[in-house]
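Some notes on the structure that comes next.
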Amino acid sequence: MPLLRSVFSRRTLFYLTTGTLVTTGGGYYYLNSGPSYPQTTEKTRRPPPPWIPPSRNDMLNELRRWDSNSKKSVVNDKEGEAADDDEEGVFDLLIVGGGATGAGVAVDAATRGLRVALVERDDFGSGTSSKSTKLVHGGVRYLQKAVFELDYDQYKLVREALHERRIFLHTAPYLSAMLPIMLPIYKYWQVPYYWAGCKLYDLLAGKENMETSYLMSKGKALETFPMLKSDGLVGAVVYYDGQHNDSRMNIALVMTAVKHSAVAANYCEVTSLKKNDDGKLIGARVRDTITGKEWDVRSKGIINATGPYADTLLSLDNPTHKPIVQPSSGVHITLPNYYSPRKMGLLDPATSDGRVIFFLPWQGNTIAGTTDTPDKVTREEPRATEDEIRWVLDEVRRYLSPDIRVRRGDVLSAWSGLRPLVRNPEVTEGGGTQGLVRSHVVHVSPSGLVTIAGGKWTTYRKMAEECVDEAVKTFALQGKVKALGKGEAGLGCVTEDVRLVGSDGWSRNMFIGLIQRFGLETDIAKHLSDNYGDRAWTVCEFAKPTEKNWPLHGVRLHNSYPFIEAEVHYALKHEYAHTPIDILGRRTRLAFLNAYAALEALPRVVEIMGDELGWGYGERRRKTEEAVRWLGVMGLGVSAPTPTSSPESPRRIGDVEREYGVHLDPKVSTHRGQVERTLWKCSDAVWEVVGWTKDPKKVVGVVGGWLSGVRGGGGGGGGGKGGYGVLSRSKFELGEVVVLKEAFERRAERLSTTTTMGANATTTTTTKTTTATGMTGTSSKESELGDGVTTTTTTTTTVPILVLPTSQILDTLKEVLGFGYEQVSRKDLKYVLEEVGVRGSEVDFDEFVEICGNLKDVALVPSAARSKSQQSTSTGGGGGAVSGSGKQGKSRRGVIPVEKSGGGV
């Protein structure tokens with residue numbers, strides 16, 4: 001009875017009821033927490049009404065409305081009287097810089113009711129804003145530093161970024177989405193460490209959290225991410241962050257500002273700042289970089305939002321200015337989509353040098369990065385160096401399964417961006433940049449120049465809010481923003497609720513309506529929906545019929561990607577695109593996804609733009625050359641040092657052609673000297689094959705065929721351990737194996753293998769010698785006749801075998817010029833030796849050739865040269881090199897099969 005009373009007591013029932021209510025309430029809160037997918041504001045499936053923004057010429061005319069050279073009236077330039085509120089052509093704010101920060105400031109100021117002008121020296125988002133890691137994140141690394149370094153500023157940065165992450169996904173739902181990111185764990189003690197860190201990350205997000213983080217077992221982690229290295233894997237932790245399309249987001253911000261009556265013009269450079277007699281800024285001199293025309297723009301205040309170039313404008317304002325920005329270079333590479341799952345990213349929290357690297361699916365491919373290296377600001381666009389690209393590849397290899405060959409040829413594009421990190425006085429000169437906080441500062445100079453520097457994509461809106469708040473106070477603009485109803489504290493900021501252009505009529509199922517109405521392919525419809533939002537309906541209005549049964553509309557710019565020609569027309573008329581670079585790099589993302597595919601699409605893009613803009617032949621050629629040079633910055637055509645051919649050949653190919661009346665195709669090799677040497681060094685073997693013929697054409701034909709077979713793997717040598725005749729994917733150049741053999745023999749050591757064959761046993765003895773020995777054969781025969789017959793036969797054969805120490809392989813390859821081995825690093829060699837399975841300290845020639853073939857496959861830098869047969873190859877890449885003769889075989893030699901590369905690079 002006492003037990004029953006205690007069980008059914010009022011206290012027990014109270015605890016039980018309270019626990020049930022708390023559990024139910026917590027479960028309900030959990031199920032309804034996190035940023036749900038925003039619903040469309042349209043209540044009908046009817047497409048939204050089209051909106052045609054003002055043209056660039058209209059924008060330039062607005063900027064020219066007040067020009068000091070054309071004004072006939074005298075304007076008082078004293079402070080406070082620099083411009084009356086009703087003066088024609090005077091802006092409240094002139095924003096310099098059209099990246100994420102500048103565009104965000106323009107949206108914030110324009111939605112407060114201010115008269116805003118935005119000018120950008122190049123294209124909108126052409127700098128850092130289009131070269132980010134594409135993440136919308138709070139920063140798990142910053143949280144780690146906040147905890148271990150007890151840094152409150154880092155903590156505030158994480159809290160602020162997590163709040164802005166939720167707003168980001170709400171204001172631009174079609175351009176951003178949740179992405180699960182895996183942290184693989186290879187030590188048991190790291191399981192609670194990473195799990196606690198991710199849970200703290202969730203806790204700081206609070207009700208704005210996306211999804212809760214969770215643990216994965218080893219089996220589940222490999223099932224979800226099968227490319228992951230399984231050796232030593234303990235499990236994984238998965239947390240959620242956001243991902244977006246950065247340059248499309250930048251354009252959406254600019255167009256939203258324009259829709260709220262802002263004036264925005266790209267390719268307009270500020271050449272000087274205008275001040276009154278009191279030293280206060282009243283405007284700027286602006287030059288149209290396309291036409292070269294200049295004029296004055298009058299404004300009450302100027303905002304410096306030029307990112308890593310902030311010090312340039314500050315120096316223009318004050319030549320004695322001390323830099324406040326410490327730029328950092330971040331390199332990313334793009335890999336084919338088979339390197340990662342479509343819906344799961346990977347974070348390497350501890351690389352070989354302590355930096356963090358992300359490995360993320362994006363736009364159908366995989367991006368890996370980033371490096372974090374101190375850099376300098378120059379006028380030229382930053383370029384990813386070969387060392388940085390290979391460092392990223394080395395880090396990728398550490399986490400991927402050994403059966404995945406990570407090749408240099410799989411790098412479809414590579415880019416480098418300058419991050420505007422705020423200089424920390426505590427950081428000594430020469431120190432790294434990974435210790436810097438990605439926070440921002442708002443600085444007002446004595447002349448009234450408001451500078452916003454630092455920060456990152458995720459916090460662009462908060463940065464813009466603080467910047468405009470400061471500008472409103474500095475330039476006494478409160479009277480224009482009070483009417484918006486947020487009082488003195490907020491100064492009228494409404495950007496938390498302002499949805500960007502394309503968001504109102506968008507839903508996750510909108511692509512189905514595009515398919516049903518325009519007859520688009522599914523991947524094209526999804527691409528348009530996810531990159532243009534409800535503006536995709538307008539894009540499709542430009543789509544031309546395909547003249548096929550299906551699809552009905554949507555002619556692709558490249559067969560492997562969902563970008564269509566209608567996007568070029570739309571970008572010209574609705575998004576202020578002016579060059580092919582604008583189209584390929586920032587309106588579409590083709591150059592970031594695949595620089596080689598962008599090169600193939602370039603002629604058609606130039607043709608469309610030329611027809612729309614009235615370009616002549618000279619202008620089209622100039623634009624094409626500019627785009628090709630820019631694609632080189634995006635990783636196209638990075639080549640090895642130019643080889644120097646040896647003058648040892650006594651005869652030239654031209655002499656051979658004239659003497660024998662035959663034509664040797666110059667495409668078979670770009671290194672003529674080596675081919676010439678090969679022709680004559682192989683002459684003895686040729687005569688043995690064809691016999692003593694008097695037909696020199698037959699000799700030359702056999703030489704070419706034999707070397708083609710060696711190179712393409714269609715025969716021609718190689719026995720022993722597997723032989724090199726089967727290495728069809730190694731893509732040996734014409735005569736390359738012969739040159740490799742010469743280099744091998746120069747450094748190889750000689751092993752004497754002696755084989756003794758007796759009546760009952762065979763004995764093999766191997767000794768190493770450093771002198772050349774010939775082949776010796778000894779035969780002994782003894783016979784005894786009588787009652788018993790005794791016969792003894794002994795045969796001894798000594799065969800020299802050349803071997804090369806593995807420690808000398810790299811030095812040997814450095815002597816082979818012109819075939820790409822100059823690019824091979826020691827890390828590449830170690831990677832290939834482990835892959836091939838070399839256990840000893842020496843290799844014979846067959847093994848050496850196999851290693852060379854694998855090294856070329858792993859370390860070869862792609863070439864930009866492409867043949868017509870390659871361009872017509874179907875999606876998914878071709879097979880190996882096509883051996884033998886024929887036009888197709890010649891055109892496809894040297895091809896590394898890479899997905900979505902048009903047959904290889």
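The values are calculated or read from the model by the stated rules, or taken from the named source; none is laboratory data. Only a predicted model underlies this, so the values are computations on that prediction, with no experimental measurement involved. Cβ: placed from backbone, ideal geometry, glycine included. Neighbour counts: every protein chain shown. Note: areas computed on protein heavy atoms with side chains; ligands, DNA, RNA excluded. Shrake-Rupley method; radii C 1.70, N 1.55, O 1.52, S 1.80 Å.
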Subset of region 91-113 [open to solvent by 10 Å² or more (accessible area, probe 1.4 Å) and in a loop (DSSP other than H, G, I, E, B)]: Gly99, Gly113
So, Asp497, is that one outside any helix (DSSP H, G or I), over 23 Å from Leu572 (Cβ atoms) and among the acidic types (Asp, Glu) or not? yes
Any idea how many residues of region 563-586 are among the charged types (D, E, K, R), farther than 17 Å from Trp415 by Cα, in contact with a helix residue (DSSP H, G or I) (Cβ under 7 Å, 6 or more places away or on another chain) and in a helix (DSSP H, G or I)? 2
Name the pairs: first residue in region 391-407 and closer than 21 Å to Ile185 by Cβ, second residue open to solvent by less than 40 Å² (accessible area, probe 1.4 Å) and of a type in the set (Ser, Thr, Tyr), Cβ to Cβ under 6 Å, at least 6 apart or on different chains? Glu395/Thr351
Quickly run through region 10-30 and pick out the residues that are over 57 Å from the mean Cα position of the chain (by Cα) and either within 22 Å of Lys207 (Cβ to Cβ) or surrounded by 10 or more Cβ atoms within 10 Å (Cβ to Cβ) (or both). Thr12, Leu13, Phe14
Can you tell me which residues in region 351-392 are within 24 Å of Leu179 (Cβ to Cβ), in a loop (DSSP other than H, G, I, E, B), of a type outside the set (D, E, K, R) and open to solvent by less than 50 Å² (accessible area, probe 1.4 Å)? Thr351, Val356, Gly364, Thr370, Thr371, Ala384
Residue in region 119-151 that is most open to solvent (accessible area, probe 1.4 Å), counting only those that are assigned to a helix (DSSP H, G or I) and closer than 18 Å to Gly454 by Cα: Arg141
Considering only region 271-303, state which residues are crowded, with 23+ Cβ neighbours inside 10 Å and β-branched (Val, Ile, Thr). Ile282, Val286, Val297, Ile302, Ile303
Among the residues of region 152-180 satisfying the criterion of being part of a helix (DSSP H, G or I) and among the aromatic types (Phe, Trp, Tyr), which is surrounded by the fewest Cβ atoms within 10 Å (Cβ to Cβ)? Tyr152
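Any chance you could count how many residues in region 498-516 are open to solvent by 30 Å² or more (accessible area, probe 1.4 Å) and in contact (Cβ under 8 Å) with a residue 60 or more places away in the chain?
Here is the first cut: in region 498-516, the ones open to solvent by 30 Å² or more (accessible area, probe 1.4 Å) are 499, 504, 507-509, 511-512, 515-516.
Subset that is in contact (Cβ under 8 Å) with a residue 60 or more places away in the chain: 499, 504, 507-508.
Looking only at that region, the number is 4.
Go through the residues of region 246-258 one by one and say whether even a single one is of a type in the set (Ser, Thr, Tyr) and at pLDDT below 95.
Checked region 246-258: no residue is of a type in the set (Ser, Thr, Tyr) and at pLDDT below 95.
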Can you name the number of the only condition in (1) over 26 Å from the mean Cα position of the chain (by Cα); (2) farther than 30 Å from Ala464 by Cβ that Leu203 fails? (2)
Taking only region 31-62 into account, find how many residues are over 15 Å from Trp537 (Cα atoms), modelled with pLDDT of 90 or more and open to solvent by 80 Å² or more (accessible area, probe 1.4 Å). 2
Since Tyr532 meets every condition but one in (1) modelled with pLDDT of 95 or more; (2) assigned to a helix (DSSP H, G or I); (3) open to solvent by 20 Å² or more (accessible area, probe 1.4 Å), which condition does it not meet? (3)
Report every pair of residues separated by at least 6 positions or lying on different chains whose Cβ atoms are under 8 Å apart, first residue within region 559-585 and farther than 14 Å from Val539 by Cα, second surrounded by fewer than 24 Cβ atoms within 10 Å (Cβ to Cβ) and of a type in the set (Val, Ile, Thr). Asn559/Thr875; Ser560/Thr875; His578/Ile290; Pro580/Val606; Pro580/Thr624
In region 319-346, what residues are polar (S, T, N, Q), in a loop (DSSP other than H, G, I, E, B) and open to solvent by less than 20 Å² (accessible area, probe 1.4 Å)? Ser340
Does Tyr240 satisfy being within 30 Å of the chain's Cα centre (by Cα), hydroxyl-bearing (Ser, Thr, Tyr), under 30 Å from Arg56 (Cβ atoms) and open to solvent by 10 Å² or more (accessible area, probe 1.4 Å)? no
Looking only at helices (runs of 4 or more DSSP H) that fall completely inside region 820-879, which ones have 2 or more residues that are modelled with pLDDT of 85 or more and surrounded by fewer than 19 Cβ atoms within 10 Å (Cβ to Cβ)? 826-836
Would you check which residues across region 500-524 are over 28 Å from the mean Cα position of the chain (by Cα) and not in a loop (DSSP other than H, G, I, E, B) and list them? Met510, Ile512, Gly513, Leu514, Ile515, Gln516, Arg517, Phe518
Enumerate the strands (runs of 3 or more DSSP E) found wholly within region 181-296, keeping only those where 2 or more residues are under 30 Å from Asp394 (Cβ atoms), in contact with a helix residue (DSSP H, G or I) (Cβ under 8 Å, 6 or more places away or on another chain) and not basic (Lys, Arg). 214-217, 235-244
In the list Thr753, Thr762, which residue meets the criterion of being open to solvent by 30 Å² or more (accessible area, probe 1.4 Å), at pLDDT below 80 and either out of contact with any helix residue (DSSP H, G or I) (no Cβ under 7 Å at 6 or more places or on another chain) or over 30 Å from Ile389 (Cβ atoms) (or both)? Thr762
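Would you please name the residue that is farthest from Ala859 (Cα to Cα), looking only at residues in region 813-839 that are over 26 Å from the mean Cα position of the chain (by Cα) and free of Cβ contacts under 8 Å to residues at least 24 places away in the same chain?
Arg839
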